Structure formats: C-alpha cells, structure tokens
1. Please go through the stretch 160-199 and pick out each residue that is more than 21 Å from Tyr224 (Cα to Cα), polar (S, T, N, Q) and either within 12 Å of the ligand (Cβ to nearest atom) or surrounded by fewer than 17 Cβ atoms within 10 Å (Cβ to Cβ) (or both).
2. Answer yes or no as to whether Glu122 is free of Cβ contacts under 8 Å to residues at least 60 places away in the same chain and surrounded by 15 or more Cβ atoms within 10 Å (Cβ to Cβ).
3. Among the residues in the stretch 99-120, are any charged (D, E, K, R), closer than 30 Å to Arg34 by Cβ and in a helix (DSSP H, G or I)?
4. Given the structure, is Leu75 surrounded by 10 or more Cβ atoms within 10 Å (Cβ to Cβ), more than 19 Å from Val88 (Cα to Cα) and within 32 Å of the chain's Cα centre (by Cα)?
5. Report whether or not His176 is assigned to a loop (DSSP other than H, G, I, E, B) and either farther than 30 Å from Asn33 by Cα or not hydroxyl-bearing (Ser, Thr, Tyr) (or both).
6. Filter the stretch 200-210 down to residues that are open to solvent by less than 50 Å² (accessible area, probe 1.4 Å) and in contact (Cβ under 8 Å) with a residue 24 or more places away in the chain and give me whichever is nearest to the ligand (Cβ to nearest atom).
7. Take the residues of the stretch 223-243 that are within 8 Å of the ligand (Cβ to nearest atom) and open to solvent by less than 20 Å² (accessible area, probe 1.4 Å): which is farthest from Thr187 (Cα to Cα)?
8. Can you tell me how many residues within the stretch 131-170 are farther than 12 Å from Val186 by Cβ and either in contact (Cβ under 8 Å) with a residue 60 or more places away in the chain or in a loop (DSSP other than H, G, I, E, B) (or both)?
Amino acid sequence: IRTQARVIYDSRKNPQRMLGTVLDITRSKNEQNRKDEFIGIISHELRTPLTSIKAFGQFLHQQTLNSKDETSSGLLQKMLSQVDKLNVLIQDLLDVTKIEGGKMKFHYSDFDFNKLVNDVIEEVQVTTFKKIILTNTAGNVTIPGDRNRVEQVLINLLTNAIKYSPDSDRILVDVHNAEGSVICSVTDSGIGIAKESLPFVFDRFFRESDERSHSFPGLGLGLYISAEIIHRQNGKIWVTSTKGKGSTFSFSMPLHHPPA
Ligand code: ADP
C-alpha cells in the first residue's frame, strides 16, 4: 500500500482539510518482482554458454599466437573483448535483480585501497590507448569493505570516462584523504553531462537523451549499481560535469567501520 496526504490551508494559513490517496500497489509490485525474476533467470542462462565461448576463444587465440597467424589472432582478440563486454552486461543485469530483491551481499575485509586503485588502473590501461594518470596524496590507507565490489565501481567509472571521451587522450585519477574517509575521483575531458540530467545519472536505466550520448552503447545500469555498492558501505558517490567539457565522478569510502 502506498499512501500520500496533503493539508489544504485557507488564506490565513489555517489548516482546512486534508486530501489523501491510498494506492494498492500489490499488483505492480508483483509484476516488478516477476520481471526481476525473469531477468535473473535469463542472465544466468546466458552466462553458461558465454563461459564456454570464452574458454574456446582463448584456446584458439593461443593457437593463432603460436602459429603466428596475426590476422586470426587479431580477430579472436576482438571477439574475446566483445565476450567480456557481454559478460559485464549480464553481470549488471544480475546485480540489478539482486539489488531489487534486497539480495546483494557484501563480503567485508580490510584491504589496501591504493593497491586496489593501482591494480584497476593496470587492468584498464591495457584496454585503452588513452593514458590513465594517477595522483595520490593519501599515503597508506587500509579500509574495511568489499574489495571486489569497490573494484567494480572504479572499473565502471574508468570505463565510462574512456567511453564518453572519444576525442581526448587522457584520464585523470586522484586519490586523497578527507576527514575519516578516502576519496577517489575519475576525471575525463569528454562529452560531459547536461545540468538538468545530473540529478538522475545514478538512477536505474538513466541515459542522457541527446543523440550524441546515444551513439555510445550502454544500458544505464553501471552508475545505479555503483551508487548502491558505495551507499551500502556507508560511502558517498557524486558527480560534477560540464556539457561539452568533461566530468568528474568521485566516491568516498569510510576509513573505519561505523560503530555497531
Ligand atoms: P551506461 O554508460 O551503460 O549508459 P551508466 O549507468 O554507467 O550507464 O551511465 C548512465 C549515463 O550517465 C550514461 O548513459 C551517460 O549518459 C552518463 N554518463 C556516465 N558517465 C559519463 C561520463 N564520464 N561522461 C559523460 N556522460 C556520462
């Protein structure tokens, strides 16, 4: 049941009456649950054959490398990178159904935040010609959190920065300390985001509506999932951006567990 109420005042600001609505949303909730369940099943089923395709592709790729067949090896490498993209899409869909069903789990441990940033940059750097430049003033930071999930957020911000800045040749990453937290920012000099869109970029399925933005592939799920991951660990995530100039996406993670 969803309820809403509003008080109507007279000209002297005295309350006169109250208007209310009571809406039974059971049906639409059930429909939503069924949809999420359906997406969950499909995503799961897609993942299994894709894992085989990737394994066979890797095997063939190795063979073409051994036989120095450069054309085939180049094509297979492209195929494998498309398989990786599909895997990320499927993983995103699975994550969304987990979030909606309240089933996204976090595995906490203390981890070295700088090492994570370095590892992610190294991993993403091999996929792009743009130079990823790191400035780090945070010193040693060990923080509690789900390392894999935080890694997922940073990979997502970096791949977005690369994707949405086709005409620039570098991405900046900054790590610094703030009161009780560590902050990581990713800055690109790309297409930027319209001011009116900024409040919505972390919403599920949100994508900028202009033609230019739509020329880049995507489902509008990465930032929604990233925001959930950071918020669930008591961090914050935000963006500053200027259309046509570029964007900075930042997130903070607390240095300590919140008191129980
Ligand atoms: P996707 O990139 O798959 O569409 P995201 O949730 O990662 O989904 O991003 C949502 C939307 O926010 C994008 O469609 C794009 O319009 C905008 N956006 C995200 N990152 C950037 C960026 N670095 N520069 C410009 N626009 C961005």
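The values are calculated or read from the model by the stated rules, or taken from the named source; none is laboratory data. This structure is a prediction, so every number in the text was calculated from the model and none was measured. Please note: Cβ atoms are built from the backbone with ideal geometry, for glycine as well, and neighbour counts cover all protein chains shown. The area values use the complete protein model at the heavy-atom level, side chains included, leaving out ligands, DNA and RNA. Shrake-Rupley method; radii C 1.70, N 1.55, O 1.52, S 1.80 Å.
1. Ser168, Asn177, Ser189
2. On the way: free of Cβ contacts under 8 Å to residues at least 60 places away in the same chain: yes; surrounded by 15 or more Cβ atoms within 10 Å (Cβ to Cβ): no.
No: the conditions fail for Glu122.
3. Taking the stretch 99-120 as the starting set, the residues that turn out to be charged (D, E, K, R) are 100, 103, 105, 110, 112, 115, 119.
Imposing the further condition that a residue be closer than 30 Å to Arg34 by Cβ reduces the set to 100, 103, 105.
Narrowing further to those that are in a helix (DSSP H, G or I): 100.
Checked against the condition, which is being charged (D, E, K, R), closer than 30 Å to Arg34 by Cβ and in a helix (DSSP H, G or I), the stretch 99-120 yields at least one hit.
4. Working: surrounded by 10 or more Cβ atoms within 10 Å (Cβ to Cβ): yes; more than 19 Å from Val88 (Cα to Cα): yes; within 32 Å of the chain's Cα centre (by Cα): yes.
Yes; evaluated as a whole, the condition is true for this residue.
5. Working: assigned to a loop (DSSP other than H, G, I, E, B): no; either farther than 30 Å from Asn33 by Cα or not hydroxyl-bearing (Ser, Thr, Tyr) (or both): yes.
No: the conditions fail for His176.
6. Only one residue tops the list, namely Val201.
7. So the first thing to find is which residues in the stretch 223-243 are within 8 Å of the ligand (Cβ to nearest atom), and the list is 223-226, 239, 241.
Subsequent filtering for residues that are open to solvent by less than 20 Å² (accessible area, probe 1.4 Å) retains 225-226.
Working: Ile225: 19, Ser226: 16 Å.
Applying the filter and picking the extreme gives Ile225.
8. So the answer is 16.
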